[in-house]
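Asker: I have a structure I would like to understand better, so I am pasting it below and will then ask my questions one at a time.
Derivation of every value follows stated rules applied to the coordinates shown; laboratory data play no part. Note that this is a predicted model, so its numbers are computed, not measured. Neighbour counts run over all protein chains shown; Cβ positions are idealised from the backbone, glycine included.
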Amino acid sequence: MGRIVFGMIATLLLIGMLTFAFNINPVKAGMDGFTPQVTVSPEHPSTEDNVSVTVIFTFYTSPPYVEEFGSLTHVSNTFSTNTTIYVPYPGEIVTDHVSTRVTVYSLGKLSEGSYQFQVYVTQMHYNSTCYLAASAFFNVTLAVNPVGGYSFATEGYSTVEPPTFYLALIAILAVSITAIKRKTSRKTK
């Protein structure tokens, strides 16, 4: 009986040392601790832009991890994808480990309107549920294209001469011509 108790105590001490050395901690299995981030690029797209969406999953333990990023589905003005996440069984030992998985979906050039991108998550090995984990709304505006070849600014660069300058110039010319006529008429008399 003493050997069994000694063996159990030695095993527990060994597990404790290994847990401390390799940072292995039993945690509750489930989807707690992460939410995917969805980013639309460019931030304010126009009809001339190639729109892309970045989906980022950050996990603080291992498992869970991304098993598979799903393909893109497009219905009306809604884009969606279904990502499969491996989730540990209840009681499964996981390690504290921060990991990030990123994927980029290219949506191409879109017409003017309001759009939504949805990320669905399917849990693998836990309860196999599928739920909406994150979504992003964005608007595509109409791009303004310049017409024709060269363009010239019509405002801001030209200076407007006040009419005072021209009136003064006409007055000086009138006085000069009158003075010249007087001198020439005096000499001829």
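Asker: When Tyr86, Tyr131 are ordered from fewest to most other Cβ atoms inside 10 Å of their Cβ, what list results? Could the numbers behind the result be given before it?
Answerer: Details: Tyr86 15, Tyr131 9.
Neighbour counts put them in this order, fewest first: Tyr131, Tyr86.
Asker: For the pair Leu173/Phe137, report the inter-label distance in nm, with labels modelled 7 Å from Cα in the Cβ direction.
Answerer: Rounded to a tenth, the inter-label distance reads 6.8 nm.
Asker: Given R₀ = 22 Å, what would the calculated FRET efficiency be for Thr47 paired with Thr103, taking r from the Cβ atoms and rounding to 0.05?
Answerer: 0.30
Asker: Order the peptides 72-81, 174-183 from the highest to the lowest mean number of other Cβ atoms within 10 Å of their residues. It would help to have the intermediate numbers written out before the result.
Answerer: Working: 72-81: 13.2, 174-183: 10.0.
Going from most to least packed, we get 72-81, 174-183.
Asker: Express in % the proportion of alpha carbon pairs of region 24-140 at distances exceeding 22 Å. Write down the numbers at each step before the final one.
Answerer: Values: 2572 of 6786 pairs.
When all Cα pairs of region 24-140 are counted, 38 percent exceed 22 Å.
Asker: Still on this model: With the cut-off at 1.5 for a/c, could you classify region 73-129 from its C-alpha gyration tensor as rounded, prolate or oblate? Spell out each step's value before the answer.
Answerer: Values: a/c = 4.64, a/b = 2.31, b/c = 2.01.
Verdict is prolate for region 73-129.
Asker: Within region 24-140, what percent of beta bridges assigned by DSSP are antiparallel, to the nearest 5? Walk me through the numbers on the way to the answer.
Answerer: Working: 37 of 46 bridges.
Approximately 80 percent, going by the DSSP bridge assignments.
Asker: Hey, rough spin-label estimate for Val144 and Ser80, points 7 angstrom out along Cα→Cβ, what's it come to in nanometres?
Answerer: For Val144 paired with Ser80, the spin-label model returns 3.7 nm.
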